[in-house]
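Read the structure below first, then the notes.
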Amino acid sequence: MKPRQIRWIAGTLGACVTIAIFVPPFDGLADASFAWHMLQHMLLIFVAVPLLLLGVYDAPWQRWLPRSATIWLAKVGHSGFAQVVLAPPVGWFALVAFLWIAHFSPLYTAALEHPAVHFFEHAAFVGAATLFWLPVIGNAAFPAIAYPARLLYLFLALPQGAFLSAALLSERFPLYAPYVAQLGVAGALADQQ
């Protein structure tokens, strides 16, 4: 298979995963269950976004833009600000920080109660995941970091997910009131664990 075909397949799979997790029955299950909601977040962050980034590596839509727009995008992409924002430590910290903030702040409950907040939460996950994965996958404008650095980058991210899971698992009471209202205390705690 040619690289362009692989990228097309990856992008198509990423789009399919994204659609599948936001339509019934998956979205309804995610609204009713913490476990399904976490699966939705995991698929979005660790499957859909990387596949979509692989799919847009050599984005054909850039050919449809006016030349002035592509020049402007190239200038923005190579600006000092973009270089700082797209630096690997920024992406790593953005994802880890947002995962913790989203689950141990009022944001999660607000997202369950207000569709606009829920949309913002998922958009923020996509943004943080994009910043996280871009140094690993790279694209035509921003090459990926070297292979040993990629391995270290990903290796350092693994414990953060384990720590977050352990923190959620060790809670003795359900953290999110909407699940308690739906499932009762024992049911919400079992779902959380």
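Accessible surface of the range 59-135, 1.4 Å probe: 78 percent of it comes from carbon and sulfur atoms. Computed over the alpha carbons of the range 25-129, Rg followed by Dmax gives 16.7, 48 Å.
The relative contact order of the range 1-142, computed from alpha carbon pairs under 8 Å that lie at least 6 residues apart in sequence, is 29 percent. Residue ranking by accessible heavy-atom surface, 1.4 Å probe, largest first, among W92, W133, W8 comes out as W8, W92, W133.
Entry comment: accessible area of the range 1-124 is 60 Å² per residue, from protein heavy atoms only and a probe of 1.4 Å.
Couplings for the range 174-187, taken from phi via the Karplus curve 6.51 cos²θ - 1.76 cosθ + 1.60 with θ = phi - 60°, read x, 8, 10, 4, x, 6, 5, 4, 7, 10, x, 4, 5, x Hz in order; Gly and Pro are left as x.
Look at the alpha carbon pairs under 8 Å that are at least 6 residues apart: their mean separation over the length of the range 111-184 gives a relative contact order of 18 percent. A probe of 1.4 angstrom, applied to the heavy atoms of all protein chains, finds L156 with accessible area near 80 square angstrom. For the chain, the mean residue ellipticity at 222 nm estimated from helices alone is -24500 deg cm²/dmol, where every DSSP H run of n ≥ 4 contributes -39500 (n - 2.57) and the total is divided by all residues, rounded to the nearest 500.
The values are calculated or read from the model by the stated rules, or taken from the named source; none is laboratory data. All figures in this text were calculated on a predicted structure; none of them were measured in a lab. These area figures cover heavy atoms from the full protein model, side chains too; ligands, DNA and RNA do not enter into them. Shrake-Rupley method; radii C 1.70, N 1.55, O 1.52, S 1.80 Å.
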